[in-house]
1. Could you compute the FRET efficiency for B:Ile101 and B:Ala151, with r as their C-beta to C-beta distance and R0 at 45 Å, rounded to 0.05?
2. Any chance you could check the Cα centroid distance between the stretch B:1-32 and the stretch B:375-445 for me, in angstrom?
3. Per residue of B:29-38, how many C-beta atoms from partner chains lie within 10 Å of its own C-beta, taken as a mean?
4. Per residue, what volume in Å³ does the convex hull of the Cα atoms of the stretch B:116-177 enclose?
5. Calculate the spin-label point distance for B:Ile59 paired with B:Arg384, positioning each point 7 Å from the Cα along the beta-carbon direction, and give it in nanometres.
6. Once you've got the GNM for chain B with C-alpha springs shorter than 10 Å, pick whichever of B:Trp182, B:Trp132, B:Trp192 has the biggest mean-square fluctuation.
7. Taking N as the number of residues in the stretch A:65-157, what is its alpha-carbon radius of gyration divided by 2.2 N^0.38 Å?
8. Just grab the label-to-label distance for A:Glu120 and B:Leu331, each label 7 Å out from Cα along the Cβ direction, in nm (one decimal).
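Read-outs throughout are calculated quantities, based only on the coordinates presented, and are distinct from any laboratory measurement. All of these numbers come straight from a predicted model, not from anything done at the bench. Every residue, glycine as well, gets a Cβ built from its backbone with ideal geometry; the counts of neighbours run over all protein chains shown.
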Amino acid sequence: MDVTTEKDGTRGASPGRAGEARRLVWFAGCVALTAMIGAYWWRIPAADRFRAAVSPLDRVAGMNTETRVGWQFLWQARDVLPAGATYTIVGSEPHAETSLYFMSLAVLTELRGMPSHYGELPVEQGGAARYVLVSRCSLEPPGATLVQRLDDGCVWDRGAR
Amino acid sequence: MAEGTLFFLAPLALSLFGLPAAWASPVDRFSPAGRFSAAFVTGVVAFTVWLTILSTAGIRWSAVSVVLPLGGGSLALAVVLARRVPPRSPGGGEPRTLAWILGVASFAIGSGHLALAALTSRATSMDYLYFWGVKALRFARIGGIDASLLAEPFASHMHSNYPPLVPLVYGWGIEVAGALSWQFGLATCAIWLMAAVPLLRDLLAMRLPPDEATMASSFWFLAFALAVPAAYSAGNAEPPLVLFSSVAIAALLSAAPGREGGSARWLALIALAGVLLTKNEGVIVYALIAAGALAGDVLGGLRGAQLSRRAASITIFPLAALGSWLLFEVLHGVPMHDVTREQAGELSLSHAGSVAVEFFRNLDAGSGWIAWALAVAVIAVSWRRWRLLLPAIVPALGILLFLFVYYLHYRGESLGVWVSWTMPRVSLSALGAAIVGAAFASAPEPSSGT
């Protein structure tokens, strides 16, 4: 590469011992980090190591199950709900419910989401939505008709609003 | 699969909009890969600013409004620059030294690790699913930045005032591939970091022997191949922020002390614009890098008009790029504030000890502290050259100090969870600054009289 022969006088000196030492330091660092990458994959059970992911949340550590399966639930619900309809999401607790609502904006792009909770705050708008997506079928919305029971939740219809 | 691969690779095509960078000095003497990287960095910034301007003016994005002017302008300017550059003498390319082979191997291992960790959902950022991808989908659908989405009452989790670079690049991928591939989108974290390597390597090679530059840039890449999955930052804005901030610092440090001829400072200004356009935290990163650069200038003896010119250039250009976004916010009613959990200044020193413990624990960066330890050790050994390294030392220390003070504001019961959730991610730019600084810290002293 030409740049290594710049005429700016910055690299005229012979590398000498100091240069060797510097190269050794970076080399040792690269070897150590490569070993860490090896250890990263070695720690994972062989059967699971390179298994394809079902969803972006499959293996995110520390995530609650409701959020983890929620992504798939939303994609299942996407095939059931009519475009343009309003929906809300009900979960077992406000934070998981809010998390599902956030993700629904990525998945249910042809529908209009109305949250029932935003963080810990209950939101009235959720009551006006026609369809209720109940994570893991944890409850039955009063006065609603079951549209479909899916693998990771149920879709309910409260009728035109 | 084909759609996903196309989405994954689509960002690289943005280099077409930054072609002039590949023919500007000193990048015109870089390796082909380094020149491509410079074009990529420049193209992403040009693309972001242009699309933001179009949205501000209410002009819908299309091939005519985006590709034609950006591509045409880029090509025309590149041709003008190329005609000014004397033809390169045919050379045999770079010798295939052991360091070169190790560099290629590190690149392959790091890229494979990043891509696999992302594709197998081991590095997913929730922000990618919560709002980066959502914004991209909406922006691509309407052919513009969707102010109505950003102004919705239930959109505060989207950080409506975040600059638009990341969703615009994803939106570009949607246009190219036809859809947002959620799984392959995660793997784009590898694209940002891979794109940085040859450019960092060539900037380092302006001051370091080629083999050393290759090894130092390989170390940078492997460090981030480990740190990004550990920070669950696949799909979010951290990988581009690391790219822009590291390139900016390397470009600032690449000029030999006292010699500005053939300086890559212009590339630093473009990369700093990228820092500002990526996310709000970029303002802090930018301010620290710029402060470090200016402090270095002052301590290096610059005064008067020369100092003013450098201060003006490092301020005006990046902030003008950010201005395109601020103008959009003002004219389209996008909230300009972000909801924060803490009130600035309401901090408590009572839990400083706990913060320090959690702080240290979360500097692990997926490498068992190796990345930080080596960078700090190399800088410490070269401590006499601290003035020359200020553009790296100030952001590295400044970001950590900012985080430490930020955590002193925490009032909840789950400090450990809060720090582990945020620090591995937010400290990535500091790690990049430290490694780049360490690489330049080991640069041989300039020889005299040439």
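1. Plugging the Cβ-Cβ distance into 1/(1 + (r/R0)^6) gives 0.25.
2. When both Cα centres are located, 29 Å separates them.
3. Rounded to a whole number, the mean comes out at 2.
4. Cα convex hull per residue, to the nearest whole number: 88 Å³.
5. Here the modelled spin labels are 5.6 nm apart.
6. Maximum fluctuation in the GNM of chain B, among the listed residues, is at B:Trp182.
7. 0.92
8. Inter-label distance under the simple model: 4.2 nm.
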